[in-house]
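In what follows, a structure is listed as structure tokens, so that the remarks can point back to it.
The values are calculated or read from the model by the stated rules, or taken from the named source; none is laboratory data. Given the structure is predicted, the values throughout are model-derived calculations rather than measurements. Using ideal geometry, Cβ is built from the backbone for each residue, glycine included, and neighbour counts are taken over all protein chains shown. When the accessible area is computed, the model is the full protein with side chains, heavy atoms only, and any ligands, DNA or RNA have been set aside. Shrake-Rupley method; radii C 1.70, N 1.55, O 1.52, S 1.80 Å.
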Amino acid sequence: MNKVNPINYNRNDITCGILHIGVGNFHRAHEEFYTNALLALDPAQRNWAISGAMLMPSDEKLYHALKDQDGIYSVTVCGRDGHDETTMIGSLKEVNWAVTNPEEVINRIADKDIKIISMTITEGGYNIDKASGEFMLDNEAVANDMSAPSDPMTVFGYVAEGLRRRRDAGNGPVTILSCDNLQHNGNTAKKAFMSFFEAQDKELAEWARENVTFPNSMVDRITPATRPDDIERLNKANNLQDKAPVYCEDFIQWVVEDNFAAGRPAWEKVGVQFTDDVTAYENMKLSLLNASHTLLSYPSFLLGHRKVDAAMRDERIVKLVRDFMDIDITPYVPAPGDTDLDEYKQTLVERFGNRSVSDQIARLCFDGISKFPVYIMPNLSKMIKDGKDLSRMAYLIATYRRYLKYHTDDNGEQFEIAEPWMTDKDRELIASDDPIVFLGLSAFDALDLAGSPAFTAAYLENI
């Protein structure tokens with residue numbers, strides 16, 4: 001039975017200085033984990049607890065689980081050496097579900113005590129058109145929020161209405177901090193929110209330009225989905241009755257640009273890195289970790305693997321990943337600070353193979369439409385321009401087509417796909433029997449793949 005580290009501060013003494021939108025597993029193993037450690041370390045930081053905001057109908061089960069536990073839950077950190085350590089997390093001071101109590105979420109955004117609005121709303125959640133790079137005002141839910149600002153449906157509508165009340169009450173500036181896996185996630189958040197503000201309420205946009213900052217950040221910790229059998233397994237190991245446990249790997253990193261409009265926690269005391277420019281760190285992480293995850297996901301799934309550590313015991317997958325990192329990606333990744341890239345890549349291979357974490361490949365396959373533009377296309381563009389070997393990239397896209405089109409792996413096992421941002425046009429392209437047509441998928445909008453003879457030749461070899 002695992003030893004469980006208790007909450008070693010008085011939760012009655014902490015107050016919320018952060019509102020977080022999207023209280024999923026990653027957030028709870030990352031920002032909450034860091035903040036919990038800080039609250040325990042330094043009594044002067046007790047005004048930086050987190051108020052959780054959940055906006056989606058699909059959040060209902062987790063909301064009730066956390067609400068029933070007063071926001072308290074366990075995080076089990078799974079070591080690469082086989083040693084697990086469990087910690088009770090108390091930094092989530094409260095949770096609110098906008099479906100039943102939208103006013104509570106809006107008023108929390110407006111609250112003078114809230115200095116940071118952080119968020120994990122997924123790569124696709126910023127509503128940015130992949131081809132134009134512009135915010136999509138014609139989105140149905142966004143259009144609703146444009147016409148009914150006091151009755152929002154989207155994160156943009158909620159934040160806009162909260163900031164209006166904040167401005168009108170004179171409650172001061174605030175930082176919007178993206179914690180999603182996007183290159184320059186703060187710039188993306190700024191583009192999305194400021195575009196919405198400008199279209200909905202020009203006076204609010206003017207106020208936000210002077211009173212809201214959007215720092216970029218790089219986040220990293222592999223955190224699988226917690227399935228019902230995981231809940232049973234974790235509770236048995238920890239002798240708990242936790243309705244919302246989280247488990248994750250032992251590696252954790254957070255690099256943040258130090259650009260906060262109204263102050264911030266002293267997260268550096270618990271290992272967060274602050275910098276003037278996060279570019280090199282995020283390029284390294286997105287290009288090596290996230291791109292490698294995407295690379296291994298579809299081939300591994302089609303081979304019949306369902307867990308990442310099992311795939312990393314397949315020599316074919318290991319060679320694919322190592323060659324991808326060493327040959328395809330390393331030339332485009334300048335090492336930040338004193339980082340040793342060879343050591344970083346070796347650590348990635350070890351992290352992927354962590355049997356205690358045993359991440360789900362289905363989680364990595366989820367929402368490829370949003371992931372390819374962020375993790376794959378930037379470096380693929382450079383590789384095509386530089387005349388590099390395109391065999392591994394072409395193989396990946398060929399396996400993605402097969403995954404989306406046939407829904408059957410090499411063993412004949414059928415599966416469902418999960419692509420929340422797939423369009424009707426995408427479905428038409430996938431249905432086509434002409435493999436070149438597939439290269440017009442919205443995920444690949446940044447490049448004319450069909451117009452590259454080198455790429456199409458390599459791609460067709462894998463069909």
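Some points to look at:
- When residues of the range 51-92 are limited to those that are open to solvent by less than 50 Å² (accessible area, probe 1.4 Å) and charged (D, E, K, R), the one nearest to His30 (Cα to Cα): Asp84
- Scanning the range 331-345 for residues that are in a helix (DSSP H, G or I) and open to solvent by 70 Å² or more (accessible area, probe 1.4 Å) yields Pro331, Asp342, Glu343.
Matching residues to (1) exposed (fewer than 14 other Cβ atoms within 10 Å of the Cβ); (2) modelled with pLDDT of 95 or more; (3) not in a loop (DSSP other than H, G, I, E, B):
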{"residue": "Ser132", "(1), (2), (3)": "yes, no, no"}
{"residue": "Phe156", "(1), (2), (3)": "no, yes, yes"}
{"residue": "Arg166", "(1), (2), (3)": "no, yes, yes"}
{"residue": "Asp180", "(1), (2), (3)": "no, yes, no"}
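- Some residue of the range 264-281 being open to solvent by 10 Å² or more (accessible area, probe 1.4 Å) and under 16 Å from the mean Cα position of the chain (by Cα): yes
- Condition met for Asn238 (under 16 Å from the mean Cα position of the chain (by Cα), open to solvent by less than 40 Å² (accessible area, probe 1.4 Å) and at pLDDT 95 or above): no
- Filtered by the rule that a residue be part of a strand (DSSP E or B) and of a type in the set (A, V, I, L, M, F, W, C), the range 11-33 gives Cys16, Ile18, Leu19, Ile21.
- Among the residues listed as Arg264, Arg316, the single one being among the basic types (Lys, Arg) and in contact (Cβ under 8 Å) with a residue 40 or more places away in the chain: Arg264
- Top-ranked residue in the range 400-422 [being of a type in the set (Ser, Thr, Tyr) and over 23 Å from the mean Cα position of the chain (by Cα); ranked as least open to solvent (accessible area, probe 1.4 Å)]: Thr408
- Lys425 being of a type outside the set (Asp, Glu), more than 27 Å from the chain's Cα centre (by Cα), modelled with pLDDT of 95 or more and over 19 Å from Leu364 (Cβ atoms): no
- Hey, Arg363 within 22 Å of the chain's Cα centre (by Cα), of a type in the set (D, E, K, R), under 29 Å from Met136 (Cα atoms) and outside any loop (DSSP other than H, G, I, E, B) or not: yes
- The listed residues are Asn139, Asn101, and the only one of them that is over 30 Å from Val4 (Cβ atoms) and over 23 Å from the mean Cα position of the chain (by Cα) turns out to be Asn101.
- Out of Val105, Val95, Val99, sole residue that is under 25 Å from Val155 (Cβ atoms), of a type in the set (A, V, I, L, M, F, W, C) and open to solvent by 30 Å² or more (accessible area, probe 1.4 Å): Val99
- Taking residues in the range 268-280 that are more than 24 Å from Asn36 (Cα to Cα), and partners anywhere that are exposed (fewer than 13 other Cβ atoms within 10 Å of the Cβ), the pairs with Cβ atoms closer than 9 Å and at least 6 places apart or on different chains are Asp276/Asp258; Ala280/Pro334; Ala280/Gly337.
- Odd one out for Ser358 among (1) more than 30 Å from Pro420 (Cα to Cα); (2) open to solvent by 10 Å² or more (accessible area, probe 1.4 Å); (3) not basic (Lys, Arg): (1)
- Residue count for the range 34-49 under the criterion of being aliphatic (A, V, I, L, M), in a helix (DSSP H, G or I) and crowded, with 20+ Cβ neighbours inside 10 Å: the result is 2.
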